[in-house]
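Heads up, the thing below is written out as C-alpha cells.
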Amino acid sequence: MAEETIFSKIIRKEIPADVVYQDDLVTAFRDINPRAPSHILIIPNKLIPTVNDVETEDELALGRMFTVARKLAADEGIAEDGYRLIMNCNNHGGQEVYHIHMHLVGGRPLGPMLIG
Ligand code: 5GP
C-alpha cells in the first residue's frame, strides 16, 4: 500500500490549498511555489505514487487530467498563447511528491524545454 502524501490531505480538504477544480476523479490546485504566473497541479484523486504505477484502470482519470488542463488553461487565459504540461517521475525526473501530478505552467514565454 502506497504511503499518502500531503496531496491526499488537500483532496480531502484537511489542509488549505487554492483548489481551482475538483470532481469525482481529479483535483486541481495552485502550486505553493509557482514558477510562472499560472502554475496549477492537476492530480488524480486516487493515490498513484509515480507514472510507473499507472494501471489500465486509471486511464479514465488520466484522460480527465488532460480535459481539466484544457479547461483550466482557458480559464487562466493562457490557452491561445500556450503553456506547458509536465509530469516528473522518480529521482532523475525530479519528482518531490509521490502522488502523480501534472504541472500546468504558463502565463509567460517558457523558453525551450529544460533538461538539467
Ligand atoms: P514535483 O517536483 O514532485 O513534480 O512537484 C511537486 C510540486 O508540488 C512542487 O512544484 C511544489 O511546489 C508543490 N507542492 C509541494 N507541497 C505543496 C503543498 O503543500 N501545497 C501546494 N499547493 N503545492 C505543493
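The values are calculated or read from the model by the stated rules, or taken from the named source; none is laboratory data. Computed from a prediction, not measured in an experiment: that's the story for all the values here. Here the Cβ positions follow ideal geometry from the backbone for every residue, glycine too, while neighbour counts run over all protein chains shown. Side chains are part of the model used for accessible areas, which takes the heavy atoms of the whole protein and leaves out ligands, DNA and RNA. Shrake-Rupley method; radii C 1.70, N 1.55, O 1.52, S 1.80 Å.
Observations, loosely collected:
- Which numbered condition LYS46 fails, given (1) surrounded by fewer than 12 Cβ atoms within 10 Å (Cβ to Cβ); (2) touching a helix residue (DSSP H, G or I) at 6+ places or on another chain (Cβ under 8 Å): (1)
- Region 86-116, residues that are touching a Leu at 6+ places or on another chain (Cβ under 8 Å) and without any contact (Cβ under 8 Å) to a residue 12 or more places away in the chain: none
- Residues satisfying the stated conditions in region 5-57, i.e. hydrophobic (A, V, I, L, M, F, W, C), near the ligand (Cβ under 8 Å from one of its atoms) and under 27 Å from PRO109 (Cα atoms): ALA17, PHE29, ILE32, LEU41
- For region 18-40, the set of residues classified as open to solvent by 60 Å² or more (accessible area, probe 1.4 Å) and either in a loop (DSSP other than H, G, I, E, B) or of a type in the set (S, T, N, Q) (or both) consists of ASP18, GLN22, ASP24, ILE32, ASN33, PRO34, ARG35, PRO37, listed by residue number.
- Subset tally (residues that are among the small types (Gly, Ala, Ser) and within 19 Å of PHE66 (Cα to Cα)) for region 1-52: 2
- Some residue of region 43-65 being in a strand (DSSP E or B), under 13 Å from the mean Cα position of the chain (by Cα), farther than 15 Å from MET87 by Cα and not hydroxyl-bearing (Ser, Thr, Tyr): no
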